[in-house]
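What follows is one structure encoded as structure tokens, with my remarks underneath.
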Amino acid sequence: MDLKQKYNLLEERNKLAEEGGGNERIDKQHSAGKKTARERIQLLLDPGTFNETDKLVTHRNTDFGMENKKILGDGLIAGYGKINGRLVYVFAQDFTVFGGTLSRANADKIVKIQELALKMGAPVIGLNDSGGARIQEGVESLAGYADIFYNNVISSGVIPQISAILGPCAGGAVYSPALTDFIFMVKETSHMFVTGPEVIKAVTHEDVTKEDLGGAVTHSTKSGVAHFTGKDETQTIMMVRELMSFLPSNNLEDPPVKASTDPIDRMEESLQEIVPADPNKPYDMKNIIEIVIDDKHFLEVQPHYAQNIIVGFARFAGKPVGIVANQPNHLAGVLDINSSIKAARFVRFCDAFNLPLITFVDVPGFLPGTNQELGGIIKHGAKLLYAFSEATVSKITIITRKAYGGAYDVMSSKHIGADVNLAFPTAEIAVMGPEGAVNIIHRNALSNEEKTRAVEEYRDKFANPYKAASLGYIDEIINPKYTRKKIIAALEMTHNKRKSNPPKKHGNIPL
Ligand code: HXC
């Protein structure tokens, strides 16, 4: 072979690999409203930064005539590139090749990427679109999955791991995404389930559509499996890029600072009006969040699930933080099973990746009821208590109104390690609300008139921040208009915080 032939051979092999499953299947992919794996990677990464690994890998299966069906790359594109100039590792399943299914060979490609990412301390982003285990390969495919799961677990808390579900994701294939930090889905074209509608029909006789069982709406509103949902692939992939802008590359780095022109001492008079005078009137906590953060830029996580708690990313003076906030506009901001789990997982993510936690509190307590008790609110509520207690990042808490009962303790109180605890003058910090307290203290011994007076007396005495402030549980009662300035000062003050928990193998969070 002369030199020219050698170069031609390389070009030919590369071209073959890039054709994937061929034009017909690519057209089918496009007409289903989906992009190809390569198009997705191009969208995700900064232009011209993608370096592909294992482009010429093929499967090694010789059963079911597979020895005659080999496609370079074997249905998976893997490699590394940059997002906003920062290194990330990426893999994308190519549905046009054997339905993007997992073979031993292409599992090894993912494993290689995961190991490199862990060694170099950079995030892994998986773009999933696959029929699951490649049936022709049997247990070898299962072994490939298990290797990927194992690496997901070992990398957890060391590097961010992100999954975008851009097509089917069935069987054990859902468990790698479930082990990663955030799951993105696309409306209508992506699905996740352990067993599909046909199996469910056969086993439980239930009729359910693919969409109702595992579509983006289901997982972002009912199951809580998905964290972000895009209306199409382009929007979804742009959301992945946006999320990355808040995250450090690994657990030893600080999150990336973005230059901000939003004044650090910006004062907002309107904050004095947001919390209503009537303690039973709802208001939208998102209004407070958006006013105080940089440029109103809030990336909310799970915005449609357990809406009684708000979690998401924002910046103060350019520095990323995690925000946790009760939402009085939904179920009065009560803590229940789903909101406790949602917030606990978010708090642990922020703690693992050095994102300070800013907590806004307006919580009437834990939700009473047999559903909650029998569903295990004791252990699920304890998850949030555990997560806030073990978190060693800067913790800054602002009580805007109610902080009642156990929920006061849970919501990043001074007692479980918050560094700065602030309260609005509208704060009510007590064991329970005035009406409930009077009913218990006085039982039925009071006339209506006496009861009204007792409620007023209790409200004056306890439903305010002054008792907590007199005990040093609240560091400062602030005029709400200064909230932004106070938070930024607290973040600066805690910037060099050094705190670690006693060495241990790992804790035992109440799962
Ligand atoms: C081998 C598969 C395959 C599989 C799909 N294909 N799934 N090949 N193993 N698991 C192939 C098809 O034969 C077809 O090949 C191509 O991929 C595209 O599939 P279609 O069926 O034509 O596409 P579509 O109609 O869009 O349906 C996609 C689908 C469906 C919903 C994913 O293919 C499907 O239900 N597949 C089976 C899913 C499944 O049960 N997987 C195993 C899960 S168990 P050609 O050559 O015609 O293009 C599992 C265990 C893991 O994953 C456990 C880990 C712990």
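Every number in this text was worked out from the coordinates using simple rules, so none of it is lab data. What you are looking at is a predicted structure, and each value in this text was computed from that prediction instead of being measured. Note: ideal-geometry Cβ built from the backbone for every residue, glycine included; neighbour counts use all protein chains shown.
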>> As a test of the definition: which semi-axes, in Å, follow for the chain when you take the square root of five times each eigenvalue of its alpha carbon gyration tensor? Largest first, please.
In response: 49, 25, 19
> Once all Cα-Cα distances of region 148-195 are split into 5 Å bins that start at 0, what whole-number percent is in each one?
Replying inline: 5, 23, 30, 23, 12, 6, 1
> For region 386-511, what's the radius of gyration and Dmax over Cα atoms, in angstrom?
Replying inline: 17.9, 59
> Quick one: Debye curve from the C-alpha atoms of region 192-309, no solvent, what's log10 I(q)/I(0) at q = 0.11, 0.18 Å⁻¹?
Replying inline: -0.63, -1.11
> In whole Å and largest first, what semi-axes does the C-alpha gyration tensor of region 127-283 yield when each eigenvalue is scaled by 5 and square-rooted?
Replying inline: 37, 24, 14
> Ranked highest first by the average count of other Cβ atoms within 10 Å around their residues, in what order do 321-327, 476-482 fall?
Replying inline: 321-327, 476-482
>> Restricting things to Cα coordinates, could you compute the convex hull volume per residue of region 45-109 in Å³?
In response: 79 Å³
> Among the DSSP beta bridges whose two residues both lie in the chain, what percent are antiparallel, rounded to the nearest 5?
Replying inline: 35 percent
> Using 0.36 nm per residue, how much length does the chain from residue 392 to residue 53 gain when fully extended, once their Cα-Cα distance is taken away?
Replying inline: 118.3 nm
> For region 1-147, what is the percent of antiparallel DSSP beta bridges, rounded to the nearest 5?
Replying inline: 70 percent
>> For region 1-106, take N as its residue count and report Rg(C-alpha) divided by 2.2 N^0.38 Å.
In response: 1.15
>> Neighbour counts of other C-beta atoms within 10 Å: give me 262, 212 arranged from fewest to most.
In response: 212, 262
>> Output wanted: per-residue J couplings in Hz (rounded whole) for region 402-414, from phi through Karplus 6.51 cos²θ - 1.76 cosθ + 1.60, θ = phi - 60°, x for Gly and Pro.
In response: 7, 9, 10, x, x, 5, 4, 4, 5, 6, 6, 6, 4
>> Using 18 Å as the Cα-Cα cut-off, could you pick out the over-long pairs in 319/497; 319/395; 15/82; 119/499; 35/82; 35/222?
In response: 15/82; 119/499; 35/82; 35/222
> In the structure shown, do any of 109/383; 187/281; 109/187; 414/481 have a Cα-Cα gap over 27 Å, and if so which?
Replying inline: 109/383; 187/281; 109/187
> To one decimal place, what Kirkwood hydrodynamic radius in Å is obtained for region 110-210 from all pairs of distinct Cα atoms?
Replying inline: 14.5 Å
> If you take every DSSP beta bridge whose two residues both sit in region 266-404, what share of them, in percent to the nearest 5, is antiparallel?
Replying inline: 50 percent
> Working out 0.36 nm times the residue gap between residue 447 and residue 297, then minus their Cα-Cα distance, what length gain in nm do you get to one decimal?
Replying inline: 48.8 nm
> Regarding region 1-63, what is the average projected area of its C-alpha convex hull, in nm²?
Replying inline: 6.9 nm²
> Sorting 142, 471 on the 10 Å Cβ count, fewest up front, what's the list?
Replying inline: 471, 142
> Helix-derived [θ] at 222 nm for the chain: sum -39500 (n - 2.57) over DSSP H runs of at least 4, divide by residue count, nearest 500?
Replying inline: -11500 deg cm²/dmol
> What per residue convex hull volume, in Å³, comes out for region 253-407 when only alpha-carbon positions are used?
Replying inline: 104 Å³
> Going 7 Å from the Cα of residue 188 in the Cα-to-Cβ direction, what parts of region 224-244 have a backbone nitrogen less than 20 Å from that spot?
Replying inline: 228-239
> Applying 1/(1 + (r/R0)^6) with R0 = 56 Å to the Cβ-Cβ distance of residue 198 and residue 8, what FRET efficiency is obtained, to the nearest 0.05?
Replying inline: 0.70
>> Can you sort 208, 275, 361 from fewest to most other Cβ atoms within 10 Å of each residue's own Cβ?
In response: 208, 275, 361
>> Based on Cα coordinates alone, diagonalise the gyration tensor for region 371-437, multiply each eigenvalue by 5, take square roots, and list the semi-axes in whole Å, largest first.
In response: 21, 19, 7
> Once all Cα-Cα distances of region 47-190 are split into 5 Å bins that start at 0, what whole-number percent is in each one?
Replying inline: 2, 11, 21, 24, 21, 13, 6, 2, 0
>> For a bin width of 5 Å, list the pair-distance distribution of region 431-499 built from all Cα-Cα distances, rounded to whole %.
In response: 3, 14, 16, 14, 13, 11, 9, 8, 6, 4, 2, 0
> Taking 0.36 nm per intervening residue step and subtracting the Cα-Cα distance, what contour gain separates residue 496 from residue 210 on full extension?
Replying inline: 98.0 nm
